[in-house]
Amino acid sequence: MAHVDPRAAPAADFAERSALALENAFLRRAVRFTVDRLRNGKQASAEAHGDFEALRERGRAIRAHTIAHLDRYLDQFVDNLEAAGGVAHFAADAAEAAELCASIAQGCGAKLAVKSKSMVSEEIELNQRLEKAGVAAVETDLGEWIVQLAGEAPAHIILPCIHKSRGEIRALFERHGNTTLDEATATLAGYARRTLRARFLEADLGFSGCNFAVADTGAIAMFTNEGNGRLVTTLPRVHVVLMGMERIVPSLAELAVMAELLPRSATGQKLTTYLNLIAGPRRTGELDGPRELHVVIVDNGRSAQLSDPRFREILHCIRCGACLNVCPVYRQVGGHAYGSVYPGPIGAVLGPLFHPERELSNELSQASSLCGACTDACPVKIPIHEMLVSLRERDAARRPRAERLALEFAANVLSSPESYERAGRALRFLQRATIGDGSRMTWLGRRVPFAGAWLSTRRLPAPPARSFRELWPALEREAALGNPPG
Amino acid sequence: MRVSLFITCLADQMHPEVGVSTVRVLRRLGCEVLFSRQQTCCGQPFHNAGFPAEARRVARTLIEALGPTGEAGDADYVVTPSGSCAAMVKHSYPELFDGDPDELERARALASRTFELSQFLVHVLGVEDVGASLARKATYHPSCHASRFLHVGSEPLKLLSRVRGLELAPLAHAQDCCGFGGLFSVKLPQVSSAMAGEKLEHVAASGAQVLVGTDMGCLMHLAGLLRARGSPVEALHLAQVLDSGHGAR
């Protein structure tokens, strides 16, 4: 099995996890197929929009304005939420947020909770905490349910089971239901629908995420495609919304812009199948909706991001996954290799920001060729690749000593034309005399720092006898003789 | 017109033929080419690795070498056969020297005179046909830093489309990174090579005999994998293609 659950295998590093992923031919085919579909969809819908660049700029401006005045808008949101009968809770960190959720669950005597998709719930490890409190939590987003049955973490922000084959899903369902199924979509979807419908009716509590919270109305906006979100937020007696602190829009006018931007960027849809606006719990005379509505507003490091100009813009993120779909690293290794709740480029920034203390932190920022595709794809123009460089700088002291010394030494050599020229000549001479392009004396090539890693898959260029600067005098004569040949 | 060649450390030490071709192409178009031997490296590997102090130290050498007091100080333009190194100078230098007004001014002055080769040919010299000929089937890989940071778009294709005998085949997923990424290629060699592997699948599907690019980093990496696999596809820098058919290659 090459699917690595980060929680199950904390010891492996990104290189080991990605090596496992690279051996998994199905995973690689599936990831390629899916991200191609998503990014082609995004491209087509951006073109169909007519002026997607202007829309991106509006989106960026709205996010920048909101984050700059986050305190004010949060206060306004909480006031309006409470006026509508909801209850707001603030959680400083993941543990506090999970604790709050567990105590709400215990307070209403819940035994079973249904969940719709929420990355914040992954962030605070909600399911594990609920289990400890004796509350079973069932994921009802189909992809999330599948990864839950497999005991794994989501491999993509919006498509959690991107890495699973039809056969694997059938096997999971058969084991779960102790039954026999075929692989037809209708059979598999039918099994999930029947099983989950019973859970919706049984559940005491519903947990959902929140795409945006509208400050001037106190409403929660959810963009979904499966309908499970509506059941989670209306059937159980109590509804708990998990909300990242930054997920605010000032008013419905700004939400309308996000409604154009988010689905297009995420899946290429003009609009998701469902757009829910939830403003308060059930009112007198209403036939459905929860009796209680709680919104748990999670900080968990976001205040620190807000106060750091290098990383503040990461709070602009609308969790669309567009950066994953264009990332050439994600494309090869998939989500689990990152070992972080949020995979892909956005995860390579968020992981180290949420957990600066973890070793994972300084390895994830290295998991990028800095090609900039993420920054180009971001619907709100977050300079993701520049943040990766800033994180590398932040964690530079934690790089292996050999790497730091090599960089310092190289900088010294390159800071003087004389030492550069001498070093270049010596290295080319040595390379010519020994390994050449790497096909000779392979035992030696493997042991040379940097060159060894290069030669594990590639050849080096054959080193030239003369550098360009050594050829320059001849080129000057060529010019003096009157123009180049031809 | 006087042009100072910013050769880049990689082309200087490992691919001098690219520098030679660049000089010849520029001279054929009437440029006087100057070369400052004071130049070393632009400092990008240090910047990208998160070592800005080291990056600044190396960058100062280049600013000095290519600046008005350097050996080629009276050149009108600085031209380099690398989108990546040009992007370092044009985009990262101003940020790197943000803390010192004098240094920032010198960095900005260099940035404004610096051009990637294909943009210089098409936009400054206004040339698309450089008189080259090469009877091969080629495909073009747009390198990330050239296309995303410098917005090099159609320029190389315009130049290539005027090369006599050259058949240009489209490259699928052209915009995807080849996996080089400087130190990335040795820090995560397996992932880096998987990225190159997919790139080469698309190159093979294009039927091209020659893979053309604007950056020797990407091309060294892709050529390294092509050779390790015994592929007959040849990786050539745009300058080499534009220098073809003059009896020079």
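A compact table of results
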item: Per residue convex hull volume, Cα atoms of region A:380-460, in Å³; result: 140 Å³
item: Distance between modelled label sites at A:T284 and A:D216, nm, 7 Å Cα→Cβ extension; result: 2.9 nm
item: Per residue Cα convex hull volume in Å³ - calculated over region A:46-162; result: 158 Å³
item: Rounded FRET efficiency, nearest 0.05, which uses the C-beta distance separating A:R446 from A:T185 and R0 of 56 Å; result: 0.70
item: Accessible area (Å², per residue) of region A:419-480, counting only protein heavy atoms and a probe of 1.4 Å; result: 55 Å²
item: Selected from B:G181, B:G224, B:G213 as most flexible by GNM, with chain B as the system and alpha-carbon contacts under 10 Å; result: B:G224
item: Candidates B:P45, B:P189, B:P101: whichever shows maximal mean-square fluctuation once chain B is modelled as a Gaussian network with Cα springs under 10 Å; result: B:P101
item: For region B:2-124, the fraction of alpha-carbon pairs in successive 5 Å shells from zero, as %; result: 2, 12, 23, 26, 20, 10, 5, 1, 0
item: Two-site label geometry, A:D71 and A:R466: point separation in nm, points 7 Å out along Cα→Cβ; result: 6.8 nm
item: Debye log10 I(q)/I(0) at q = 0.15, 0.19, 0.21 Å⁻¹ for region A:308-366, Cα point scatterers; result: -0.41, -0.66, -0.80
item: Per residue, the convex hull volume that the Cα atoms of chain A enclose (Å³); result: 204 Å³
item: Other protein chain Cβ atoms within 10 Å, averaged over every residue that makes up B:39-46; result: 4
item: Translational diffusion of region A:419-480, µm² s⁻¹ [Kirkwood Rh, Cα pairs; Stokes-Einstein; 37 °C; 0.692 mPa s]; result: 254 µm²/s
item: Radius of gyration, Dmax [chain B; alpha carbons; angstrom]; result: 17.5, 52
item: Longest DSSP-loop-exposure-free segment, GluC sites (Glu not before Pro), chain A, at most 12 other Cβ within 10 Å; result: A:1-182
item: Nearest-0.05 FRET efficiency for B:A205 and A:R193, computed from C-beta distance (R0 35 Å); result: 0.30
item: Accessible area expressed per residue, region B:28-146, with surrounding protein chains retained (probe 1.4 Å, Å²); result: 35 Å²
item: Calculated FRET value between B:S112 and B:A53, using beta carbons and R₀ = 25 Å, to 0.05; result: 0.50
item: Cα-based Kirkwood hydrodynamic radius, region A:14-304, one decimal, Å; result: 20.2 Å
item: Gain in span if fully extended, A:A480 to A:S416, counting 0.36 nm per residue against the direct Cα distance; result: 20.1 nm
item: Cα-derived Rg to Rh of region A:181-267, Kirkwood definition; result: 1.07
item: Helical mean residue ellipticity (222 nm; -39500 (n - 2.57) per DSSP H run of 4+; nearest 500) of the protein assembly as shown; result: -14500 deg cm²/dmol
item: Highest to lowest packing among B:152-158, A:184-190, scored as the average C-beta count within 10 Å; result: B:152-158, A:184-190
item: Separation of the A:H49 and B:K137 label points, Cα + 7 Å toward Cβ, nm; result: 3.9 nm
item: Linear extension gain, B:T69 paired with B:V124, 0.36 nm per residue minus alpha-carbon span; result: 17.4 nm
item: Counted charge near B:D12, where neighbours are those whose Cβ lies closer than 12 Å (Asp, Glu -1; Lys, Arg +1); result: +2
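The values are calculated or read from the model by the stated rules, or taken from the named source; none is laboratory data. Source: prediction; values computed, not measured. Heads up, the Cβs are rebuilt from the backbone with ideal geometry, glycines too, and the neighbour counts pull from every protein chain shown. The area values use the complete protein model at the heavy-atom level, side chains included, leaving out ligands, DNA and RNA. Shrake-Rupley method; radii C 1.70, N 1.55, O 1.52, S 1.80 Å.
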